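Reviewing the structure listed below.
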Amino acid sequence: MMIKTLEKTFLTSFLKKNNLKNNLYSILGGIVFVVIFYYGYSNINPDWYEYRDDGVITMSHGKNWVDYGFIGVSPSGPKVEGYSAPVEFFVYAFLYKIFGMTYATYSNLQTYLCTFLLGFFFIRFFKESKWIGILLSILSASILTFYPSFFEWHASGMENAITHVLLLLSAYIIVMFVITEKINFYYVPIIFLATISRIESVYHIAPILMMLSIYWFIKYKVFRALNFSLIVFAIWMLFHFWRYLYFGDLMPNTAYAQAISVSDRMSQLFALDAHYIKQSFKLSMEIFVSHGGYLLLMFFPLIGFIKKDTRIHFSIFLLLSFVMTSFLNPYLFGPTRIDHSRTTTQMAVFVILIISLLIFHFEITRKSISIAALSLFFSLFLFMNLKKEAFYLGWSTKSFNQIRKEFVIAAEKEKLPRPTISNPDLGVMSWHKQFNIVDLGMLGTLIMAKLQNGPAMANYFFDFAAPDLIESHDWWSCRYYNSLFTDTRFRKRYVPIREKMFSGKWKYCGNKKLPVGIWIRKDILKNSNSNERKLINELEKNLSVDRLAQELKDCQTTQDSNCVYVSRTAYRFLPEFRNHNEIESLNKIFENSRTKDYDLYLINGYKSGQVNNYLLKQVASRN
C-alpha cells in the first residue's frame, strides 16, 4: 500500500507542469555530472579503481541468498554478515534475481546511475536561478573529479556511490522541509534507506533529524518533525532486530574481523586517552584534507554575506552536520583499511555543496566582494598545494581472479568436488560459488573473526576446518606467519603448488622469510589413500547418509582418531543434501560424534542465526 501511494505521489508530482520543468532541469544536472565524471575517469587507469573486491563481497552475499536461500558467502554455509552495505546488498540481490546480473555489470550500472542521480539532486538545491545552478553544477562536478579518494571510490563498485546519493537526497529532503515549511511523511522510507546505506550510516542521519526536530518545535511549537524522526528510527530498529534474529548478533562479522568496537572507543574517549585522541585526530585531519575540508574553511566566512533568511542559514548548518560527522568518524569507528578516508567520501560532496550554496545566496557589496576575493585566493593556493594525484585503491578483482583460476585448475587436476579454500581475498573468490571458504581476511568466516590469531585459531584451522587449498601473499603472510606458517602442521599436511619466500617489509615481521604461494592438503590429493579421500570419491558417485553414518562409526572405534573429516565431507556436499531433504538425517548421525558441536555447526550453519551463534561459541570454547 505504501509503495503504491509513493509511486502515485512521485508520478503525479513529476507530471505537474512546474515540476516537469524542474525535473527536466534536474535531468540536465544529472547529465552534467555524468559527462564530467566520465571524462575524469577516462584519464585514470580503470584497474586502479574499478571492481574492488570488497564491493564484490557484498554482491556475493546477495548471490548466495538468491542461489542457496541464505545470506552468506559459501554454498554450504554458514550464515554470515560479512558486508557493511545493506542497501547495496538488497539492490544487487534483486537485480541478480531478475536479470542474473554479474558483479561487473552491476558495478558499471551503479556508477553510471548514481553519478546521474548525484547531479540530478545536486542541481535541485539551486532551482530558483537555473542558469547559476547549471554553472555551479558544472564547477562542482569538475572540482569533485580532483579529489581522488571521493572520485575513485565512487566508481569502485562498493557502496560509496549509493551512500553519496542517499545522503545527498536525505539532505535535500530535510532542507526542503525547512524551506517549504512542510514535512511530508512519504519520504520516511528514503531517510530510512540512508540510515542503512552502510551499517553505521545512522551516525550521519541522526544528527540532522535531531536538529530538525528541535528547530521545528522551537519555531512551530509542534512535534511533527520529531514524529517523522521517530518513525525513521522505529523502522531502523526493526531492521536491526531482524538482523539480530537472522544472524544472531547485532555486530556484523566485519566489525569482529577488523576489531571495531564503538563502545571501547567511546570508553577511551571519555577516559581522555591521549594516544587514542592523538591517533583519531590524525586520521580526522587526513579525511579533512582528502575531501577538501580546507576549501570550506576558506569560504565559510561568506555566511556573513548571504541572504538574511533563517531557513537558509539553518539549512547550511544542517548540511554542515554531514561534514562534522565525517570528520569525527575515526573517533568512533577507528581507521578504515587501505584508505582511511574510504568510508567518509560523502564529505567531499557536502563540502562542495555548502560552498556552492554560499555562493548562490551571496549578496554582493564592496566588503563582501573583498572577503570573497580573499577566500578564492587562499582556496586556490591550498587546492594547488594539497591536491592529491589519482592512486591505486587496492583490492582489484583482476589479480584475485587469477588466483581463483589457479584454485579451479588445482581442483580439476585432483578431481576434487567443491573444495574448501582459504585465502585473504573473499569477493571474487566467493562470488562464483565454486568453493566453500575459510576466510583468512576473516570477513566471511565467523570463527576466524572471533578467534583472530593464536593457538586456538591454529587448532581450528588445521584440525577442524582443514581447507583443501591455501593461498597467501604480502601482508597476510606476515600476519599469519607465527600462528599458521610456522606451525608444524602446515608443512606436515600441505605441499606447495607454487611457493616463494620473501623478506617482509612489515616491522613486526622483521627480516623473516615469509611464504607466498598456494598449497594443497595431502589427504585430499586424488592419489591419496586417506579415509577422507575415499569417502569423498564414494559420496561424489552416490550421495548416501548411511555411508556417512558408517564412516563415523568406524572412525570413532579408534580412540584417538580425528573424525572431523566425516562432517567436513558432509559439508562439502551440503547443498546436495539439502536438496534431498537429508539435513535431519545428518543431524542424527552427528549427535553421537565426539566433535558434536563443530559437526552440527557445519551442518546447521545456514539455518537460524541464534543456533549458529550458540554452536559457534561452543566451537570457540573447545578450541
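Only the coordinates and a few stated rules stand behind these numbers; no lab work does. What you see is a predicted model; the values in this text were computed from it and never measured. Ideal geometry is used to build each Cβ from the backbone, glycine not excepted, and the neighbour counts take in all protein chains shown.
Numbers for the structure displayed
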| item | result |
| --- | --- |
| Hydrodynamic radius by Kirkwood, which averages 1/r over all alpha carbon pairs of the chain, in angstrom | 26.7 Å |
| Orphan Cys of the chain, criterion: no other Cys C-beta under 4.7 Å | CYS114 |
| Candidate lysines - alpha carbon under 29 Å from LYS388, same-chain residues fewer than 8 apart omitted | LYS278, LYS282, LYS398, LYS505, LYS507 |
| Length-normalised contact order for region 531-622 - Cα pairs under 8 Å, 6+ apart - percent | 24 percent |
| Relative contact order [Cα under 8 Å, 6+ residues apart], the chain, whole percent | 17 percent |
| Inter-probe distance in nm under a simple model that places probes 7 Å from Cα toward Cβ, at MET251 and HIS275 | 2.0 nm |
| Anchor LYS553: lysines whose Cα lies under 25 Å away (excluding residues fewer than 8 positions away in-chain) | LYS522, LYS526, LYS534, LYS541, LYS588, LYS596 |
| Euclidean distance between Cα centres, region 176-240 to region 504-577, Å | 52 Å |
| Span from the region 344-408 Cα centroid across to the region 263-331 one, whole angstrom | 15 Å |
| Spacing of the two label points (7 Å from each Cα toward its C-beta) at ASN19 and ASN108, in nm | 3.4 nm |
| Cβ-based charge dipole, the chain, positive-most Cα from ASN482, ASN511, LEU297 | LEU297 |
| Rg ratio (alpha-carbon, reference 2.2 N^0.38 Å) - region 397-524 | 0.99 |
| Full-stretch length increase - LEU230, LEU543 - with 0.36 nm per residue and alpha-carbon distance subtracted | 107.4 nm |
| Cut-off under 5 Å, modelled amide H: who pairs with LEU514 long-range | PHE502, SER503, GLY504 |
| Extension reserve of the PHE185-PHE90 stretch, reckoned as 0.36 nm per residue once the Cα distance is removed | 31.9 nm |
| Extension gain from TRP475 to THR365, taking 0.36 nm per residue of separation minus the Cα-Cα distance | 33.8 nm |
| Modelled label reach - LEU238, point 7 Å along Cα→Cβ, region 180-214 residues with backbone N closer than 17 Å | 185-196 |
| P(r), alpha carbons of region 76-117 - 10 Å bins starting at zero, rounded % | 25, 50, 22, 3 |
